[in-house]
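Worksheet for the structure shown next.
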Amino acid sequence: MILGTKARYAVMAMVDMAGRPKDVPVSLAELAQSQEITVPYLEQIFSKLRHGGLVQSVRGPGGGYILGKSAGEICIASIVEAVEESTQMTRCDKHTEGCMSSKARCLTHDLWDGLEQQINNYLNSITLADVRDRKVKGLNVQSSPPVTVTHH
């Protein structure tokens, strides 16, 4: 799974906004220039972010967008979800029992489903403020001793 550009650009733009004064609207043109993203693409993204309540539009001279909540209240997962990107790792539809023609789960279903849960938990645990303040740390994964395989 590769996270799409909509999600990556949405997070980049919102982190940029989180680093600016909170009640001063920022135009999409400013964000486009600072993040090297086209304005039309940002318009598509911000329409979804506004619909999701993550940003608010401010009309008139000096208008633009402000965050819909504080940077500490917006988790990265909500941004990804708002722009309709998927972190789904299995090929199963969420509304079916399994991905096989018999409706059974494939042998690797639990592996990919577990990875999807790890990704979702990670993105839900990080806020815009964490990214803005450079407080994002990698997953603290315990390393296991190497497995020795013997052949008979």
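Within the range 1-19, the set of residues being assigned to a helix (DSSP H, G or I) and in contact (Cβ under 8 Å) with a residue 40 or more places away in the chain comprises Lys6, Ala7, Ala10, Val11, Met14, Val15, Met17, Ala18. Please name all residue pairs, on different chains or six or more residues apart, with Cβ atoms under 9 Å, provided the first residue is in the range 67-89 and is among the basic types (Lys, Arg) and the second residue is surrounded by fewer than 18 Cβ atoms within 10 Å (Cβ to Cβ). From the range 67-89, the pairs are Lys69/Gly53.
When we screen Leu31, Leu49, Leu42 for residues that are closer than 15 Å to Ala10 by Cβ and over 16 Å from the mean Cα position of the chain (by Cα), the only hit is Leu31. Pairs are defined by a Cβ separation below 9 Å, a sequence spacing of at least 6 or placement on different chains, a first member in the range 20-35 that is touching a residue at least 24 places away in the same chain (Cβ under 8 Å) and in a loop (DSSP other than H, G, I, E, B), and a second member that is crowded, with 16+ Cβ neighbours inside 10 Å and of a type outside the set (A, V, I, L, M, F, W, C); the pairs so defined are Val24/Gly64; Pro25/Gly64; Pro25/Tyr65; Ser27/Gly64; Ser27/Tyr65.
Candidates are the residues of the range 42-58 that are assigned to a helix (DSSP H, G or I) and free of Cβ contacts under 8 Å to residues at least 24 places away in the same chain; the one that is farthest from Thr87 (Cα to Cα) is Glu43.
Rundown of residues vs (1) outside any helix (DSSP H, G or I); (2) touching a helix residue (DSSP H, G or I) at 6+ places or on another chain (Cβ under 6 Å); (3) exposed (fewer than 15 other Cβ atoms within 10 Å of the Cβ); (4) not hydrophobic (A, V, I, L, M, F, W, C), yes/no style:
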| residue | (1), (2), (3), (4) |
| --- | --- |
| Pro40 | no, no, yes, yes |
| Gly60 | yes, no, yes, yes |
| Ile66 | yes, no, no, no |
| Gly72 | no, yes, yes, yes |
| Ala77 | no, yes, no, no |
| Val80 | no, yes, no, no |
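Is there a residue being modelled with pLDDT of 95 or more and in contact with a Gly (Cβ under 7 Å, 6 or more places away or on another chain) anywhere in the range 121-128? Yes, because at least one residue in the range 121-128 is modelled with pLDDT of 95 or more and in contact with a Gly (Cβ under 7 Å, 6 or more places away or on another chain). Checked against (1) under 15 Å from Ile126 (Cβ atoms); (2) out of contact with any Ser or Thr (no Cβ under 8 Å at 6 or more places or on another chain), Thr90 passes all but a single condition, namely (1).
Could we say that Val15 is crowded, with 17+ Cβ neighbours inside 10 Å, under 26 Å from Lys135 (Cα atoms) and modelled with pLDDT of 95 or more here? It is true that Val15 is crowded, with 17+ Cβ neighbours inside 10 Å, under 26 Å from Lys135 (Cα atoms) and modelled with pLDDT of 95 or more. Inspection of the range 109-117 finds no residue satisfying the criterion of being surrounded by 12 or more Cβ atoms within 10 Å (Cβ to Cβ), part of a helix (DSSP H, G or I), at pLDDT 90 or above and at negative phi. Only a single criterion out of (1) over 19 Å from the mean Cα position of the chain (by Cα); (2) within 30 Å of Leu115 (Cβ to Cβ) is not satisfied by Gly64, namely (2).
The single residue among Val55, Val11 that is within 26 Å of Glu116 (Cβ to Cβ), β-branched (Val, Ile, Thr) and touching a Leu at 6+ places or on another chain (Cβ under 9 Å) turns out to be Val11.
The values are calculated or read from the model by the stated rules, or taken from the named source; none is laboratory data. This one's a predicted model, so the numbers in the text were calculated from it and none came from an experiment. Cβ sites come from the backbone with ideal geometry, for glycine too, and all protein chains shown count toward neighbours.
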